[in-house]
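Worksheet for the structure shown next.
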RNA sequence: GUGGCCAUAGCUCAGUAGGUAGAGCGUCGGGUUGUGGUCCCGAAUGUCGCGGGUUCAAAUCCCGUUGGUCACCCCA
């Protein structure tokens, strides 16, 4: 595709999903919706952009997401809008705007949709990417944390992603994070020169990040660093222990990892990540993650309401998921072919009329409206996945019949027009139940 | 945002002592009379990502740019 302009070029990092790939997306989204439904969640749909302030206040001005990755612009009224970089802030905004807390003590919501971050694209990382996520408002219990993680893990399993692990940590509540950051600074400051360049910067900006650095020099120093779990309050500790205990009872595998931090400021207490461990996602092996954010709702002006949620990247799940798990069980297809050696226009119209008639019965019907030679029409039918073909020509029209061919058994018989639909339906159903391996 | 690698038909790629392009798959047509997965024959499609430079001559060398990719950063 040659081009001197960008007219026919999608925006960097924003991709098309063509019909060949779309079924996998639909299957994944359907799996997520089904999982959420089983856990009592309802869908929330919010706009793709919000007033910028929602994100700067909600996610945190200092986070990378807000500081350098947002797609912001001015609308005609001079307001600063931002394409949502994640789903939680929008969902919380909707929750508050519609005062859901006043009528539902606990709200369980899920969402599916595009998010936008201006990062450098790579495999599994795009500027428009898509997430599925779930949130629970109004329940601060360890039980809901565990249930949510269980939902997330079960969903990943249902996609046939066997090589993955759940890592769990607690950020504590109140000023635990700040106290811990101070403790880390106290530990690392004397060692500053031994830290990686990035971590020397992190030391002042976000010391917790030093913990999940991949630089060898940082990894070497990590051993002596104070442990986050060690500085938790008794209550936070109990909450965390309870989450672990319930997960164990549910049989949801996890490992406690004191180094996971999460990139958004609003998290407190339970946080978790689910990553793919086969290595085929490269550096983008984080499939999803989430945690508790008990102060976000009050930070945004609501009354204090505990909340917890998670999100997964659809593109990454798609990379990791097995084809079997995402196979869409599409309806069997019937093709209508026209023998048009004589009275072509009449026969073509009749073929379409037959197709319409079958479609009105709820059947999936394809017609190669180019109406080439019969063998071409057969090839077209085959490629469309048709298991049955209706063949009509001048002779059949005159006789008020049609040829009905079983494309699998390669057998054909003459069928009266008045009983065509039921015969086609029977043939399609037989093909579905008769081929368990495909 | 930083660094490395890559960029040839719809797809996968071949084409390096620089001389204006090929294969497989796919697509389309044909193998005469109304029947498909094999086989045979034939055809179309690329300003070799884009722009500039070196050269008599560049897909092939140099620079820039755009896009992709890998690592980092960060995250989903």
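Are there any pairs with C-beta distances below 6 angstrom linking a residue in region A:251-277 that is touching a residue at least 60 places away in the same chain (Cβ under 8 Å) and closer than 21 Å to residue A:214 by Cβ to a residue that is assigned to a loop (DSSP other than H, G, I, E, B) and away from RNA strand B (no atom under 13 Å from the Cβ), with the two at least 6 apart or on different chains, and if so which?
Pairs that qualify, where the first residue is touching a residue at least 60 places away in the same chain (Cβ under 8 Å) and closer than 21 Å to residue A:214 by Cβ and the partner is assigned to a loop (DSSP other than H, G, I, E, B) and away from RNA strand B (no atom under 13 Å from the Cβ), are A:258/A:227; A:258/A:228; A:277/A:163.
Taking the residues in region A:169-213 that are within 11 Å of RNA strand B (Cβ to nearest atom), within 31 Å of the chain's Cα centre (by Cα) and not in a helix (DSSP H, G or I) as candidates, determine which candidate is farthest from residue A:292 (Cα to Cα).
For region A:169-213, the residue satisfying everything is A:213.
Let me confirm something: among A:270, A:277, A:295, which residue is touching a strand residue (DSSP E or B) at 6+ places or on another chain (Cβ under 8 Å) and crowded, with 23+ Cβ neighbours inside 10 Å?
Exactly one residue qualifies, and that residue is A:270.
Tally up the residues in region A:312-323 that are surrounded by fewer than 19 Cβ atoms within 10 Å (Cβ to Cβ) and assigned to a loop (DSSP other than H, G, I, E, B), please.
Within region A:312-323, residues that are surrounded by fewer than 19 Cβ atoms within 10 Å (Cβ to Cβ) and assigned to a loop (DSSP other than H, G, I, E, B) number 2.
Within region A:93-110, restricting attention to residues that are in a helix (DSSP H, G or I) and under 24 Å from the mean Cα position of the chain (by Cα), which residue is surrounded by the most Cβ atoms within 10 Å (Cβ to Cβ)?
Within region A:93-110, the match that is surrounded by the most Cβ atoms within 10 Å (Cβ to Cβ) is A:95.
Restricting to region A:119-138, give me the number of residues that are more than 10 Å from RNA strand B (Cβ to nearest atom) and either closer than 24 Å to residue A:31 by Cα or within 13 Å of the chain's Cα centre (by Cα) (or both).
The qualifying residues number 4.
Taking region A:312-351 only, how many residues are more than 10 Å from RNA strand B (Cβ to nearest atom) and more than 30 Å from residue A:14 (Cβ to Cβ)?
Qualifying residue count, region A:312-351: 14.
Residues A:354, A:391: which one is more than 9 Å from RNA strand B (Cβ to nearest atom) and farther than 30 Å from residue A:160 by Cβ?
A:354
Looking only at region A:225-234, filter to residues that are free of Cβ contacts under 8 Å to residues at least 40 places away in the same chain and in a helix (DSSP H, G or I); which one of those is farthest from residue A:170 (Cα to Cα)?
A:234
Across region A:2-57, what is the number of residues that are assigned to a loop (DSSP other than H, G, I, E, B), closer than 30 Å to residue A:331 by Cα, within 14 Å of RNA strand B (Cβ to nearest atom) and in contact (Cβ under 8 Å) with a residue 24 or more places away in the chain?
Within region A:2-57, residues that are assigned to a loop (DSSP other than H, G, I, E, B), closer than 30 Å to residue A:331 by Cα, within 14 Å of RNA strand B (Cβ to nearest atom) and in contact (Cβ under 8 Å) with a residue 24 or more places away in the chain number 1.
Given A:309, A:282, which one is within 34 Å of the chain's Cα centre (by Cα), within 12 Å of RNA strand B (Cβ to nearest atom) and either part of a helix (DSSP H, G or I) or at pLDDT 95 or above (or both)?
That would be A:309, the only listed residue that is within 34 Å of the chain's Cα centre (by Cα), within 12 Å of RNA strand B (Cβ to nearest atom) and either part of a helix (DSSP H, G or I) or at pLDDT 95 or above (or both).
With the structure loaded, tell me whether residue A:183 is touching a residue at least 40 places away in the same chain (Cβ under 8 Å) and closer than 20 Å to residue A:297 by Cα or whether it fails that test.
no
Go through region A:324-340 and report how many residues are buried (at least 18 other Cβ atoms within 10 Å of the Cβ), more than 20 Å from the chain's Cα centre (by Cα) and assigned to a loop (DSSP other than H, G, I, E, B).
The number of residues fulfilling the criteria is 2.
Is region A:341-361 home to any residue that is under 25 Å from residue A:409 (Cα atoms), part of a loop (DSSP other than H, G, I, E, B) and touching a strand residue (DSSP E or B) at 6+ places or on another chain (Cβ under 8 Å)?
No, because not a single residue in region A:341-361 is under 25 Å from residue A:409 (Cα atoms), part of a loop (DSSP other than H, G, I, E, B) and touching a strand residue (DSSP E or B) at 6+ places or on another chain (Cβ under 8 Å).
Could you list, in sequence order, all residues of region A:395-412 that are under 21 Å from residue A:433 (Cα atoms) and either in contact with a strand residue (DSSP E or B) (Cβ under 9 Å, 6 or more places away or on another chain) or within 6 Å of RNA strand B (Cβ to nearest atom) (or both)?
Result: A:404, A:405, A:406, A:407, A:408, A:410, A:411, A:412.
So, in region A:136-164, of the ones that are in contact with a strand residue (DSSP E or B) (Cβ under 6 Å, 6 or more places away or on another chain) and over 17 Å from residue A:239 (Cβ atoms), which residue ends up surrounded by the fewest Cβ atoms within 10 Å (Cβ to Cβ)?
Checking each candidate, the answer is A:164.
Which one of A:415, A:392 is in contact with a strand residue (DSSP E or B) (Cβ under 7 Å, 6 or more places away or on another chain) and within 14 Å of residue A:350 (Cβ to Cβ)?
Unique residue meeting the criteria: A:392.
Consider residue A:70 carefully, then state whether it is buried (at least 18 other Cβ atoms within 10 Å of the Cβ), more than 10 Å from RNA strand B (Cβ to nearest atom) and touching a residue at least 24 places away in the same chain (Cβ under 8 Å).
yes
Residues of region A:114-129 being in contact with a strand residue (DSSP E or B) (Cβ under 7 Å, 6 or more places away or on another chain), farther than 14 Å from residue A:11 by Cα and surrounded by fewer than 19 Cβ atoms within 10 Å (Cβ to Cβ), which ones?
The answer is A:114, and nothing else.
Is it true that some residue in region A:235-256 is surrounded by 19 or more Cβ atoms within 10 Å (Cβ to Cβ), within 16 Å of RNA strand B (Cβ to nearest atom), over 24 Å from the mean Cα position of the chain (by Cα) and part of a loop (DSSP other than H, G, I, E, B)?
no
The values are calculated or read from the model by the stated rules, or taken from the named source; none is laboratory data. Given the structure is predicted, the values throughout are model-derived calculations rather than measurements. Quick reminder, even Gly has a Cβ in these numbers, built from the backbone with ideal geometry, and neighbours come from all protein chains shown.
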